[in-house]
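Participant: Okay, handing you the structure first.
The values are calculated or read from the model by the stated rules, or taken from the named source; none is laboratory data. Computed from a predicted model, the values in this text were never measured in an experiment. Don't worry about glycine lacking a Cβ; one is built from the backbone with ideal geometry, like all the others, and counts go over all protein chains shown.
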């Protein structure tokens, strides 16, 4: 469908400056150029608060919009027309004048194990007791504590290249690190993947929106909405909407130890979205988990399904786990 845009319109795409962010932006740029070659496109990149502070553990930040706020301000102010994010970095509540457009097809959404170069371990289950796993994610830390309590977790921050360098350094404390598959695959680093982690292979579920690109636009921008409708993928869009609705309902934001795994399945009643979800206490001792299927064919049914899964998790004990985490955070902030 041809979008009703002015003949000589130039669209400015905002992004972070990291190599991965620029690669992801190029994917969106290429899709837009292919579908709408009559328009001009330019990229504006900047480092954000999350890029500039790589020493504080992610769970210790008080804000959830480390990678999005400054770019959103530029878009609200009219300097950029759309922003390309890693969707898992995008808070579930956006500024009132902004919205997410449809998502393009999702890259592999799983986490992966990356073992230090020179070591022969092939899976998480082979890593010896006492070994150090690098991750800054509270979700990964909690799931590791539950499934692999014999392993130690230590923070590792920085972009993918930096993390791999920290892992492989001679004096590295890490035996392995856990990363998102999507970033390694997009950077052509698939050879570093030791094991794909999922509910079957390792009991590890991924982050809400992982592997998907979040394309943010101004709420009133009907031109870009139509353009993104053209390049978007409905299955990806509906699954990530359901995931984000789940996270928003639990009010956990980006730092909640919430893992998900969604897939489309065929049933006797037709195509359904299956969502597995888990909330784990940081020490791994408490866990709430559910698996539900639903017919999802619209924004409304996707968001309603997320709420249904959230309610089921709370009924299984997630509310108490999240409340305890919030209480601990409040105590830490008053004693800091």
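Participant: Report yes if residue 281 is farther than 30 Å from residue 229 by Cα and touching a helix residue (DSSP H, G or I) at 6+ places or on another chain (Cβ under 9 Å), otherwise no. Break it down stepwise before answering.
Facilitator: Details: farther than 30 Å from residue 229 by Cα: yes; touching a helix residue (DSSP H, G or I) at 6+ places or on another chain (Cβ under 9 Å): yes.
So residue 281 passes the test.
Participant: Name the residue, out of 246, 258, 228, that is farther than 18 Å from residue 313 by Cα and crowded, with 23+ Cβ neighbours inside 10 Å.
Facilitator: Testing whether each residue is farther than 18 Å from residue 313 by Cα and crowded, with 23+ Cβ neighbours inside 10 Å leaves just 228.
Participant: Search the stretch 302-320 for residues being in contact with a strand residue (DSSP E or B) (Cβ under 7 Å, 6 or more places away or on another chain) and part of a helix (DSSP H, G or I), and hand back the single one that is nearest to residue 139 (Cα to Cα).
Facilitator: Pass one, the stretch 302-320, residues in contact with a strand residue (DSSP E or B) (Cβ under 7 Å, 6 or more places away or on another chain): 305, 308-309, 312-313, 316-318.
This time we only want the ones that are part of a helix (DSSP H, G or I), so: 305, 308-309, 312-313, 318.
Working: 305: 22, 308: 21, 309: 18, 312: 19, 313: 15, 318: 13 Å.
Out of the qualifying residues, it is 318.
Participant: Also, quick follow-up: Residues being under 21 Å from residue 88 (Cα atoms) and either modelled with pLDDT under 95 or touching a helix residue (DSSP H, G or I) at 6+ places or on another chain (Cβ under 7 Å) (or both): count how many of those fall in the stretch 250-277.
Facilitator: Of the residues in the stretch 250-277, the ones under 21 Å from residue 88 (Cα atoms) are 250-264, 273-277.
Cutting the leftovers down to either modelled with pLDDT under 95 or touching a helix residue (DSSP H, G or I) at 6+ places or on another chain (Cβ under 7 Å) (or both) gives us 250-260, 262, 264, 273, 275, 277.
Final tally of qualifying residues: 16.
Participant: Restricting attention to the stretch 95-151, which residues are in a strand (DSSP E or B) and either at pLDDT below 95 or closer than 30 Å to residue 234 by Cα (or both)? Can you show your working first?
Facilitator: If we filter the stretch 95-151 for residues that are in a strand (DSSP E or B), which is where we start, we get 98-100, 111-115, 132-134.
If the condition is that a residue be in a strand (DSSP E or B) and either at pLDDT below 95 or closer than 30 Å to residue 234 by Cα (or both), then 98, 99, 100, 111, 112, 113 are the ones that fit.
Participant: Taking the stretch 152-166 as the search range and keeping residues that are outside any helix (DSSP H, G or I) and touching a helix residue (DSSP H, G or I) at 6+ places or on another chain (Cβ under 6 Å), which one is surrounded by the most Cβ atoms within 10 Å (Cβ to Cβ)?
Facilitator: Among those residues, the one meeting the criterion is 156.
Participant: Being more than 16 Å from residue 249 (Cβ to Cβ) and not in a loop (DSSP other than H, G, I, E, B) is the filter here; which residues of the stretch 274-288 pass it?
Facilitator: If the condition is that a residue be more than 16 Å from residue 249 (Cβ to Cβ) and not in a loop (DSSP other than H, G, I, E, B), then 274, 276, 280, 287 are the ones that fit.
Participant: Here's something else I'd like to know. I need the full set of residues from the stretch 74-90 which are surrounded by fewer than 19 Cβ atoms within 10 Å (Cβ to Cβ) and in contact (Cβ under 8 Å) with a residue 12 or more places away in the chain, in order please.
Facilitator: Of everything in the stretch 74-90, those that are surrounded by fewer than 19 Cβ atoms within 10 Å (Cβ to Cβ) and in contact (Cβ under 8 Å) with a residue 12 or more places away in the chain turn out to be 74, 76, 79.
Participant: Every residue in the stretch 184-221 that is farther than 27 Å from residue 257 by Cβ and assigned to a loop (DSSP other than H, G, I, E, B), please.
Facilitator: Within the stretch 184-221, 188, 219, 220, 221 meet the criteria.
Participant: Conditions first: (1) on the phi < 0 side of the Ramachandran plot; (2) under 19 Å from the mean Cα position of the chain (by Cα). Residue 209 passes all but one, so which condition is the exception?
Facilitator: (1)
Participant: Also: Being part of a helix (DSSP H, G or I), at pLDDT 95 or above and in contact with a helix residue (DSSP H, G or I) (Cβ under 6 Å, 6 or more places away or on another chain) is the filter here; which residues of the stretch 24-59 pass it?
Facilitator: 31, 35, listed by residue number.
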